[in-house]
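Enquirer: Here's a structure for you.
Any read-out appearing in this document is the output of simple, stated calculations on the displayed coordinates, not a laboratory observation. All of these numbers come straight from a predicted model, not from anything done at the bench. Cβ placement follows ideal geometry from the backbone for every residue including glycine, while neighbour counts extend to all protein chains displayed.
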């Protein structure tokens, strides 16, 4: 199956992405929103094609040329991680996000963590204000729904709502 652009179609599955390293900012946003977003830096074309095939991923790309012979990359046209995020949300028909599911840094799925088990790694002020934590077993980071989490979630929810309104009016992305 080729990883075509997806324009104008809602996907029944939760899309998984493969992004070039220059799109790391977008990858972090997609991960925060719950999407599996792998990043490659200097992989061979054979490795890229293998990952696209085996893991059923869509290649997000900024370049002009086709990267892999058997796959049409999804080419991002706008500029900046938030514009790219809005383009992906619109073109892939994404209507729901799953915040706090994946580590924005390493893409590993997050696990619930008991406050007692992570207490020695967190400032006392954080422990006093929050009682729910998630841990990444890939990179060891600990997450909680603090100010940065709430601000990112609010901005992403605006993108989703704007997209729903646009589609309700019959406008394309």
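Enquirer: If you build a Gaussian network model of the chain, linking Cα atoms that sit under 10 Å apart, which residue out of 70, 107, 163 swings the most?
Expert: Taking springs between Cα atoms under 10 Å, the residue moving most is 70.
Enquirer: Once the Cβ-Cβ distance between residue 96 and residue 44 is put in as r, and R0 is 30 Å, what FRET efficiency do you end up with, to the nearest 0.05?
Expert: Values: r = 35 Å, r/R0 = 1.17.
That pair, residue 96 with residue 44, gives E of 0.30.
Enquirer: I've got another one for you. How much length, in nm to one decimal, is gained on full extension between residue 54 and residue 148, taken as 0.36 nm per residue of separation minus their Cα-Cα distance? Display every interim value, and only then the final one.
Expert: Working: separation 94, 0.36 × 94 = 33.84 nm, distance 3.45 nm.
Answer, rounded to one decimal: 30.4 nm.
Enquirer: For the Cα atoms of the chain, what angle does the longest principal axis make with the long axis of helix 81-91, in degrees from 0 to 90, nearest 10?
Expert: With rounding to tens, the tilt is 60 degrees.
Enquirer: Now for a different question. Distance in nm between label sites at residue 157 and residue 129, each 7 Å beyond Cα in the beta-carbon direction?
Expert: Calculated label separation equals 1.8 nm.
Enquirer: Further, regarding this structure: Take the Cβ-Cβ distance between residue 112 and residue 62 as r, set R0 to 25 Å, and report the resulting FRET efficiency rounded to the nearest 0.05.
Expert: For residue 112 and residue 62, the calculated efficiency is 0.10.
Enquirer: Just to be sure I understand: of the beta bridges DSSP finds with both ends in the chain, what percent are antiparallel, rounded to 5?
Expert: 45 percent
Enquirer: Would you mind telling me which residue in 34, 80, 93 has the biggest mean-square fluctuation in a Gaussian network model of the chain, where springs connect alpha carbons within a distance under 10 angstrom?
Expert: Top of the fluctuation ranking is 80.
Enquirer: Additional query: Within the stretch 149-169, whose backbone N sits under 14 Å from a point 7 Å along Cα→Cβ of residue 122?
Expert: What the label zone holds, given the 14 Å backbone N cut-off, is 149.
Enquirer: Give me the base-10 log of I(q)/I(0) for the chain at each q in 0.09, 0.15 Å⁻¹, Debye formula, one uniform scatterer per Cα, rounded to two decimals.
Expert: Debye output, listed in q order: -0.35, -0.88.
Enquirer: Under a plain spin-label model, where a point goes 7 Å from the Cα along Cα-to-Cβ, how far apart in nm are residue 173 and residue 14?
Expert: Taking the two extended label points, one gets 1.9 nm.
Enquirer: As a test of the formula, what do you get for the chain when each DSSP H run with n ≥ 4 contributes -39,500 (n - 2.57) and the sum is divided by the residue count, at 222 nm and rounded to the nearest 500 deg cm²/dmol? Show your work: numbers first, answer last.
Expert: Values: 6 runs with 62 residues, N = 173.
My calculation for the chain gives -10500 deg cm²/dmol from helical runs alone.
Enquirer: Counting alpha carbon pairs within less than 8 Å and at least 6 residues apart, what relative contact order, in whole percent, applies to the stretch 68-172?
Expert: Here the relative contact order equals 23 percent.
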